[in-house]
Every structure is written in structure tokens, then in C-alpha cells.
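Trainee: Shown below is the structure under consideration.
The values are calculated or read from the model by the stated rules, or taken from the named source; none is laboratory data. Model, not experiment: these values are computed from the prediction. Cβ sites come from the backbone with ideal geometry, for glycine too, and all protein chains shown count toward neighbours.
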């Protein structure tokens, strides 16, 4: 077999046929690991004449639902995916939706926009027509920051507790922002800053929340002043559950309730079995459906949410708790806007700092606690709803369209 020189290969790469062949090869390799549902394409048409085509690579599940079947609220991604497609339909574009895990799709038509949240941008951008606007939809901080941050937390845990746990939320390499023309970003300034190096236009879109809870009028703020909640999904070390457990284990007069899928990380559960199940002031409930009355019953017994995460793309779990009227005690990296009027941002997330922050909030007057909780609740109602997401995403796309029209 003749081996191509570097210069010859570079010349070949300039030709679309070569790029298509490379993409097909990658797609065939990737498709071996895909089930049939991941290779599906759902095509949607606007009510009137179509202005062009949009390729949308994100969460496909909501596009596969039966009529009247509700969109999952397990993660905001599901509703947000549908809303992104609706935005383009309302603007007069046809939309082809694929899963971001679809590694075999090859474009067969001209696209006005290509939106992707993970790895398809790098694979498919070279195959797009030159005037296609390529948008990365960012729902997590940059993968290098994410992976380094989780590794550092795991190393610190190893040194502190003499136990090694594997990473749970490592992201595979992703060069989407390098191949994008711009990006829409769910997180706040923290998440945005992890992508600024690419020098691309970045449009902040406030993460949505599936439910708008009423203000808890009957809540007894005096009775719950020393009671807190940790609420999150998997990747417990990255999300600071280990630090939260150790902080409360050393504060027997303060109480912690844990809502999360603890049983999915058996090694973490073994390492923290005593704190999770044998510490009187810590109650482990497990996963809780935020649409059920049980969730509000839990939040009504707590004054705040503690979430010292080290890498987030929007802080959805914290925002859900704020919708229920909890005061946030969070890290900067939780990617949630928190003001002194309604919460507290941790500076280094040490166990001592977490403990001092809890004591500080709990020592406030009942009137002050109620005021902070109310402002926390009001802030997310003003800034993190499905309506606000829809408005801001449409505004970002209209801005991009205006820019393209004047190029």
C-alpha cells in the first residue's frame, strides 16, 4: 500500500469528496455502536413556504413521542430541544432533527443552519455548504475544564479519605466550538468564560425550568433554619456531595436531606455509607420526581440548597430548588447567578467554608431568611422559565440572522 505524504494528504483534504469519504468512514465505525433509534431523522415543516433547511443535532426523544404523550421533565434538554426546533419552524425553516449520538448521518441537502450540542459539529461541519451558519449549543462547560475539575476533585478525595473513585462525568474530546461560527450557551459567566478562548460570538440563553411552583405561604422559616437539601444527578464527587456529606457529618446540630440517584454509583455509596445511612442528622431519600408533591414537601422543610459543584453548564438542579423557595449556597462553578440578597457563593468549597456558610445563613433572623428565600424564588421566576428560554433563544437567532443579512 502506498503511503501518502503529508502534503499530498493536505491537498486531498481540500476536496469535498475526500471529506465526505472520511465522514462516511467515521460514520460507519460509529454506527456499529448505534441502535436503530439513534439513526432516525425526524423532518418537520413550517406552516407556510420554507425559507431553507435546518439540521438540528441534540436530544431526539421529544420528537419521537406519540400524540399527547408528555415531554420528559427528567432534564431540561428534552423540552429545550423541542423549543429550539419550534423556533426555527416559527421563523419559516424546515427542520431535520437527529440525535447528537448519531454518528452515521451524512447531509444530503443544503442547510441554512446547523445546530449541534456535542460531536457532530466537528464531523459534519466540513461537509456543509459554505453559507451554512454553524451553531454550537452549549449545555455544559468546556470539556477540558470539566475533566480537569472532576479529576482534581477525585484526587482531593483520594488524599482526604484514602479511596479512589473513577470519574463519572468525563466528556470525550470535543472541538465543536472551533468548527462553529457562534454558540448559544445555557450557563452564566462561568460557563461562558470556558469558551471565550475560541473568540466566537457567544449568546447566553437562560436555562429553562419545567415547573413554576407557588410561593410556600405556610412555610415555617424558624423551624427549618438549620435544615438543608443537596439535590442533583450523578457524578457525585464533581457535584460536591462528598464535601457536603463531610461538612454535615461534622455539624450534628444541622440537618441535610439528599435527593439524587445514589444507587447508580455503588462505589461512592460504599465509600460514604456511614454518612449516607448511619449519621443521625443526614437523611438519604434518593431520586425524587420534581413534578410530585413529595418534592415540595421536602423543600418546605428546608431553608436552603447546598451545591458545591466544580463544573456545570447551567445549574438546573439549583434553579429548580430556587423555584421552590430555597436559598442557594453554591460554588461559582455551579453556573447560577447568585446575589448576596438571596444566596451565598462559596469561594473555595472547602469543608470548613461550607460549614461556616451554613452557620452564617442559619444564624440570620426569621425575617431575613424569609426575605432571601422570596428573592431567590422571584429571581428564577423572572429569569429561568420556559417562556424566558423561548424568548431569548429566538432573540439570539434573530440577531444571527440580522448579522448574516448585513455581511
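Trainee: Kindly indicate whether any position in region 321-329 is within 18 Å of the chain's Cα centre (by Cα), surrounded by fewer than 16 Cβ atoms within 10 Å (Cβ to Cβ), in contact (Cβ under 8 Å) with a residue 24 or more places away in the chain and over 23 Å from residue 360 (Cβ atoms). Working first, answer last.
Mentor: Initially, region 321-329 is screened for residues within 18 Å of the chain's Cα centre (by Cα), giving 321-323, 328.
This time we only want the ones that are surrounded by fewer than 16 Cβ atoms within 10 Å (Cβ to Cβ), so: none.
Scanning region 321-329, I find no residue that is within 18 Å of the chain's Cα centre (by Cα), surrounded by fewer than 16 Cβ atoms within 10 Å (Cβ to Cβ), in contact (Cβ under 8 Å) with a residue 24 or more places away in the chain and over 23 Å from residue 360 (Cβ atoms), so the answer is no.
Trainee: Next question, about the same structure. Is it true that some residue in region 76-90 is assigned by TED's automatic domain parsing to the domain that holds residue 125 and part of a loop (DSSP other than H, G, I, E, B)?
Mentor: no
Trainee: Tell me the helices (runs of 4 or more DSSP H) entirely within region 307-407 that contain at least 2 residues that are under 28 Å from residue 135 (Cα atoms), in contact with a strand residue (DSSP E or B) (Cβ under 8 Å, 6 or more places away or on another chain) and modelled with pLDDT of 95 or more.
Mentor: Result: 316-323, 386-405.
Trainee: From the list 229, 296, pick out the single residue that is in contact (Cβ under 8 Å) with a residue 40 or more places away in the chain, more than 21 Å from residue 152 (Cα to Cα) and assigned to a helix (DSSP H, G or I). It would help to see each step written out before you state the result.
Mentor: Working: 229 fails: assigned to a helix (DSSP H, G or I).
Result of the check over 229, 296: 296.
Trainee: Let me ask something else. Hey, can you tell me all the residues within region 258-287 that are in contact with a helix residue (DSSP H, G or I) (Cβ under 9 Å, 6 or more places away or on another chain), assigned to a loop (DSSP other than H, G, I, E, B) and buried (at least 19 other Cβ atoms within 10 Å of the Cβ)?
Mentor: 260, 272
Trainee: Can you tell me which residue in region 237-257 is surrounded by the most Cβ atoms within 10 Å (Cβ to Cβ), limited to those that are over 22 Å from residue 348 (Cβ atoms) and out of contact with any helix residue (DSSP H, G or I) (no Cβ under 7 Å at 6 or more places or on another chain)?
Mentor: 255
Per-residue answers, yes or no, for (1) in contact with a strand residue (DSSP E or B) (Cβ under 9 Å, 6 or more places away or on another chain); (2) under 19 Å from residue 332 (Cα atoms); (3) crowded, with 16+ Cβ neighbours inside 10 Å; (4) at pLDDT 95 or above:
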position	(1), (2), (3), (4)
157	no, no, yes, yes
187	yes, yes, yes, no
193	no, yes, no, yes
196	yes, yes, no, yes
204	yes, yes, yes, yes
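Okay, residues lined up against (1) within 28 Å of residue 270 (Cα to Cα); (2) under 16 Å from the mean Cα position of the chain (by Cα); (3) outside the structural domain of residue 238 (by TED's automatic domain parsing):
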{"site": "148", "(1), (2), (3)": "yes, no, yes"}
{"site": "152", "(1), (2), (3)": "yes, no, yes"}
{"site": "156", "(1), (2), (3)": "yes, no, yes"}
{"site": "175", "(1), (2), (3)": "no, no, yes"}
{"site": "186", "(1), (2), (3)": "no, yes, yes"}
{"site": "192", "(1), (2), (3)": "no, yes, yes"}
{"site": "197", "(1), (2), (3)": "no, no, yes"}
{"site": "204", "(1), (2), (3)": "no, yes, yes"}
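Trainee: Further, regarding this structure: Taking helices (runs of 4 or more DSSP H) that do not extend beyond region 130-198, which have at least 2 residues that are under 11 Å from residue 311 (Cα atoms) and without any contact (Cβ under 8 Å) to a residue 60 or more places away in the chain?
Mentor: Once the helices (runs of 4 or more DSSP H) in region 130-198 are filtered for at least 2 residues that are under 11 Å from residue 311 (Cα atoms) and without any contact (Cβ under 8 Å) to a residue 60 or more places away in the chain, what remains is 143-161.
Trainee: Continuing with this model, one more query. Taking region 348-363 on its own, how many of its residues are over 16 Å from residue 153 (Cβ atoms) and either in contact with a helix residue (DSSP H, G or I) (Cβ under 9 Å, 6 or more places away or on another chain) or buried (at least 19 other Cβ atoms within 10 Å of the Cβ) (or both)?
Mentor: Adding up the residues that qualify gives 6.
Let's see how each residue does on (1) touching a helix residue (DSSP H, G or I) at 6+ places or on another chain (Cβ under 6 Å); (2) touching a residue at least 60 places away in the same chain (Cβ under 8 Å); (3) not in a loop (DSSP other than H, G, I, E, B):
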position	(1), (2), (3)
67	no, no, no
70	no, no, no
95	yes, no, yes
104	yes, yes, no
107	yes, no, no
110	no, no, no
118	no, yes, no
124	no, yes, yes
